[in-house]
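Comments concern the structure below.
The values are calculated or read from the model by the stated rules, or taken from the named source; none is laboratory data. If you're wondering where the values come from, they're calculated on a predicted model, not measured in any experiment. All Cβ positions, glycine included, derive from the backbone under ideal geometry; neighbour counts span all protein chains shown.
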Amino acid sequence: MGEFELIRRHFQRAGVAQPGNVVLGVGDDCALLQPAPGHQLAISTDMLVEGRHFFADVDPEALGHKALAVNLSDLAAMGARPLGCTLALSLPRADDAWLAAFARGLFALADAHACPLVGGDTTRGPLNLCITVFGELRPGQASRRDAAQVGDDIYVSGRTGEARLALEWLLGTPWARAAVGPELPADLRARLERPTPRLALGQALAGVAHAALDLSDGLTGDLGHILAASGVGADIALADLPVAPVLAALPDAERQTCLLSGGDDYELLFTAPVSARAAVQAAAQASGTAVARIGTVSAAPGLRLLDASGEAVAFRAKSFDHFG
């Protein structure tokens, strides 16, 4: 199977109708997208590399899902609506069954969020997936990292930490194996391998939230990006963090590692004014996504974690860094 046959067989979907915003899709030198009048483009790229972002034996259908999900999560953080995506794919060999499963996972998520594949590239080399997503939103509606304001509430969607626990189990870490048991439950594996991009929530928060990002590298580290960009600090109440039952049984140190610096959660972390509490809850309800208010933006620089009595808890803010 040659390069162009590979593309035709697995990524060029004959007979599948394209959304109206796609003027020209797969098969030419460039794709042509048409944003709605009066909208801006939102663009994000993420790369997944075998051995760095995923295990060699990962289910290719799950990998297809995650490759797109992590990009859609960036659009969600900005409050953007997807328009389309491109895929650059480096493969050690053209494995027909692997490609069919990968494409199945990719297109299932793409179809669910009206984000058609409109182009890309393939080459031979180490397994490497690079997706670029394009979205649209109205000017002034983006939830930027530099927009947090003193007095804002801080929220997180869903729960953090389960993806990290699943990763530790797969790595054979003793405390993770003891907590989870001899088999990794499908729902826990899915938190790592099939994250849910919070697009509906992000779009519902457009014009409501001040600042936002998606949690890819750990709550404390990622929150630090908002604080640094906005020139503010934060106080987080540990007791208000949503905790999955499987994490509640962990020893304190391991539970905090998962909750605060786990990464791969792809939940939304955002700030909003106190006056918007009802609007935030309405956005959560409309999108079918749980949100929890976990802290407050402060004028004092730095991030403080507070126990149930309001006392500061010592911790080391960590975030995943490819070159750290």
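Some observations on this one:
- Filtered residues of region 60-97 (kept if surrounded by fewer than 16 Cβ atoms within 10 Å (Cβ to Cβ) and either touching a residue at least 40 places away in the same chain (Cβ under 8 Å) or assigned to a helix (DSSP H, G or I) (or both)): Asp96, Ala97
- Screening region 246-283 for residues that are within 17 Å of the chain's Cα centre (by Cα) and hydrophobic (A, V, I, L, M, F, W, C) and picking the one that is farthest from Asp153 (Cα to Cα) gives Cys258.
- Selected residue (criterion: nearest to Leu171 (Cα to Cα)) from residues of region 193-223 that are within 11 Å of the chain's Cα centre (by Cα) and either free of Cβ contacts under 8 Å to residues at least 24 places away in the same chain or not in a loop (DSSP other than H, G, I, E, B) (or both): Asp214
- Filter result for Arg177 (modelled with pLDDT of 95 or more, touching a Leu at 6+ places or on another chain (Cβ under 9 Å) and of a type in the set (Lys, Arg)): no
- Sub-6 Å Cβ pairs linking a first residue in region 260-284 that is under 17 Å from Gly295 (Cα atoms) to a second residue that is in a helix (DSSP H, G or I) and hydroxyl-bearing (Ser, Thr, Tyr), at least 6 apart or interchain, are Leu260/Thr220; Ser261/Thr220, ordered by first then second residue.
- Residue match in region 41-58 (condition: of a type in the set (Ser, Thr, Tyr), surrounded by fewer than 22 Cβ atoms within 10 Å (Cβ to Cβ) and farther than 17 Å from Gly125 by Cβ): yes
- Residue among Gly135, Gly105 that is in contact (Cβ under 8 Å) with a residue 24 or more places away in the chain, under 18 Å from the mean Cα position of the chain (by Cα), surrounded by 18 or more Cβ atoms within 10 Å (Cβ to Cβ) and part of a helix (DSSP H, G or I): Gly105
- Val150 being out of contact with any Leu (no Cβ under 8 Å at 6 or more places or on another chain), at pLDDT 95 or above and outside any helix (DSSP H, G or I): yes
- Filter result for Ala36 (in contact with a helix residue (DSSP H, G or I) (Cβ under 7 Å, 6 or more places away or on another chain), surrounded by fewer than 21 Cβ atoms within 10 Å (Cβ to Cβ) and not assigned by TED's automatic domain parsing to the domain that holds Ala206): no
- Region 1-27: number of residues that are among the charged types (D, E, K, R) and without any contact (Cβ under 8 Å) to a residue 40 or more places away in the chain: 2
- Among (1) over 24 Å from Ser143 (Cβ atoms); (2) assigned to a helix (DSSP H, G or I), the one test that Leu250 misses: (2)
Quick grid of which residues meet (1) β-branched (Val, Ile, Thr); (2) under 14 Å from Ala42 (Cα atoms); (3) outside the structural domain of Leu48 (by TED's automatic domain parsing):
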{"site": "Val70", "(1), (2), (3)": "yes, no, no"}
{"site": "Arg81", "(1), (2), (3)": "no, yes, no"}
{"site": "Arg104", "(1), (2), (3)": "no, no, no"}
{"site": "Ala112", "(1), (2), (3)": "no, no, no"}
{"site": "Leu127", "(1), (2), (3)": "no, no, no"}
{"site": "Ala163", "(1), (2), (3)": "no, no, yes"}
